[in-house]
Each structure stands twice: as structure tokens, then as C-alpha cells.
Amino acid sequence: MAQDSTRYGTIFSPGLFDGQVALVTGGGTGIGRASAHELAALGATVVVAARREEPLIQTVGEIRGVGGNASWTTLNIREAEEVEAVIGDVVEEHGRLDLLVNNAGGQFPAPSEQISPNGWRTVIDLNLNGTFLVTRAAYTTWMAEHGGVICNVIADMWRGFPYMAHTGAARAGVDNLTKSLAIEWGRSGVRINAVAPGTIYSSGMDTYDESFRTHAARRASKIPVGRVGTESETAAAITFLLSPAAAFITGATLRVDGGASLEKAAMVPLEAHTAIPPYNGFHLAREIPEAWVDDGEPDA
């Protein structure tokens, strides 16, 4: 069936979120933008928030251009007072806050020994602390009394995140936070889950240099499904977790990675080495043959 190129091609039922209000942080670009479009296409009134005005204005214009209901607000999720004020304004203007997508975040690739204390704190503050501040404000301002659904966007960090240690640590923290809050807040009618995208062909890739993007693209053949993912596939997972179809799911993290986390390769090339010698206390053991030592050449 041909897709209408003028509207979001959602697979969910029309009107799924009629009458509901959604806040999407980081909603001006990438996965956040796609999620905002999909939620609006399904009837939600969407508020997109981020630090930069220009992408937000563009996203809201796109949504309104196809008949959706959207507005924008600037927000630095690292500032607790600002977060509480913005959440309060959303509830005051729209009378409710049913859905929250914590998509805002950011990081930069670097060897761990080269990450400065300030760089480390900035990434942790944005990805972990900021997520907590927005989630807490949404709960205390509205959801504690009225219920709601929250979806956190984290990352594929299950087998470590070399050259991204700061964001790996932060996203792992959000994964655990998701579980903790699901237990604490179920009594208030709140469900909270997360999605963990793998390598997604998104505008977020534009923040990295050409060598990083090239290596990420070359990894596509290593992903079990044979390609990188799309913003739409991630947005669909978020939408599912926000929907009544996931009413019995809370405290879960859905991996949207094409199976990459089952056989993860590094986001940047790792240097081959033999710096850590083997221990072999068994006097009759065989020596490791050279053919079994990584020579640094790419796989065929």
C-alpha cells in the first residue's frame, strides 16, 4: 500500500492518543522529532522542548502543517528550577500531562583518559541527572495524582561503551532508574519504560565527525538484521510503550538495535594489541597460536 508522503506513516490506530498531552524533550531533532510527529499524528497535543529554538520551531511548523497540534518551549534539563517551571507551564496551559518522552541527551566520542572532569560531569548531568529532573517534575506536578506513562531513551551500552564511557555510565544509570521508579510509582498509576536504540540513521549522527560516521556505517553488515535502524523504528517502539497495548509492561527496556547488542562491535575502531599477557599455570597446556591473536586487520 502506498504511503501518504504528506503525513506520518504510523502503523498505530488513528486517534490512539486523542485528548492526551505529551512532552518530548530533545523534540526538535532525530528520534525526538520523529516521536513528536508520530504522537501528534495519533491525536496527542505535543510539546517539544530543547535548548535550541530553531529545530523546535521547525518541528512544530511541520506538525501543524499536516493538521497536528504542537507547541514548543526552550528547556535546559540540567537546571532543576527551569525544569519544574516548564513542566508547571505545560500543565497550566494544557490542563494535564499524560505522556513523557525523555529523549534529550548528548555525548562526544573520546578515549576515557582524555575525558576531562568537566566533560564527564556535563554528560552525566545531561543524560542521567537531566532525565531524573524532568521525570521527577512530571510526577510531582501531575502524574502522582493522575497517572501517566513515561519512556526514557537510552543507548546500546549492555556490553560496555568504549570511547563513550561517560554516556554508557549515564545511560546504564537511567536503565536502573527506570526499574526503580516503575516499582515506586506503580501505586500512582504510572508506567515507566525505556528504549535502547542501537546504530540509528538519524540527524543525531551529524554531531559526530566524518570518520566516526564512516565507521558506524561500515558496522551495518555486522548487525544481525544487516543494516542500521531508522528514526521511525525507534519512534514506533516508543509509541508502543506509551500505548495501552503495553499496559502490563513497566520497568522494561526494549532494545531497538537489530540484534546488535547480541554481537556488539565498538563504535570506533579499537587498536589491536597484545599488551596483556596470558596466564598459563597448567604445565601441560598448549601455547596460544599466533593465528588466534588479533592482527588488527578488518574482518573479511
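The values are calculated or read from the model by the stated rules, or taken from the named source; none is laboratory data. Just so you know, these numbers come straight off a predicted model, no measurement behind them. Note that each Cβ is placed from the backbone with ideal geometry, even for glycine, and that neighbours are counted across all protein chains shown.
General observations
- Answer from LEU75, LEU56 - the residue that is within 20 Å of the chain's Cα centre (by Cα), more than 17 Å from ILE150 (Cβ to Cβ) and touching a residue at least 24 places away in the same chain (Cβ under 8 Å): LEU56
- Filter result (surrounded by fewer than 21 Cβ atoms within 10 Å (Cβ to Cβ) and aliphatic (A, V, I, L, M)) within the range 80-93: ALA80, ALA85, VAL91
- Only one of the listed residues (VAL149, VAL86, VAL91) is closer than 18 Å to GLY19 by Cβ, of a type in the set (A, V, I, L, M) and under 22 Å from the mean Cα position of the chain (by Cα). That residue is VAL149.
- Selection from the range 226-240 of residues that are more than 13 Å from the chain's Cα centre (by Cα), among the aliphatic types (A, V, I, L, M) and at pLDDT 95 or above: none
- Unique match (being closer than 17 Å to ILE238 by Cβ, out of contact with any Pro (no Cβ under 6 Å at 6 or more places or on another chain) and modelled with pLDDT under 95) among GLY105, GLY27, GLY68: GLY105
- Those residues of the range 94-108 which are loosely packed, with under 15 Cβ neighbours inside 10 Å and either in contact with a helix residue (DSSP H, G or I) (Cβ under 6 Å, 6 or more places away or on another chain) or in a strand (DSSP E or B) (or both), in sequence order: GLY106
- Sole exception among (1) touching a residue at least 60 places away in the same chain (Cβ under 8 Å); (2) assigned to a helix (DSSP H, G or I); (3) within 30 Å of SER116 (Cβ to Cβ) for GLY168, by number: (1)
- The range 50-79, residues that are of a type in the set (A, V, I, L, M, F, W, C) and surrounded by fewer than 16 Cβ atoms within 10 Å (Cβ to Cβ): ILE57, VAL66
- Filtering THR122, THR135 for residues that are more than 14 Å from the chain's Cα centre (by Cα), among the hydroxyl-bearing types (Ser, Thr, Tyr) and surrounded by 22 or more Cβ atoms within 10 Å (Cβ to Cβ) leaves a single hit, THR135.
- Single unsatisfied condition, GLY95 versus (1) at positive phi; (2) touching a Gly at 6+ places or on another chain (Cβ under 7 Å): (2)
- Checking PRO162 against (1) over 19 Å from ALA80 (Cα atoms); (2) buried (at least 21 other Cβ atoms within 10 Å of the Cβ), the condition it does not meet: (2)
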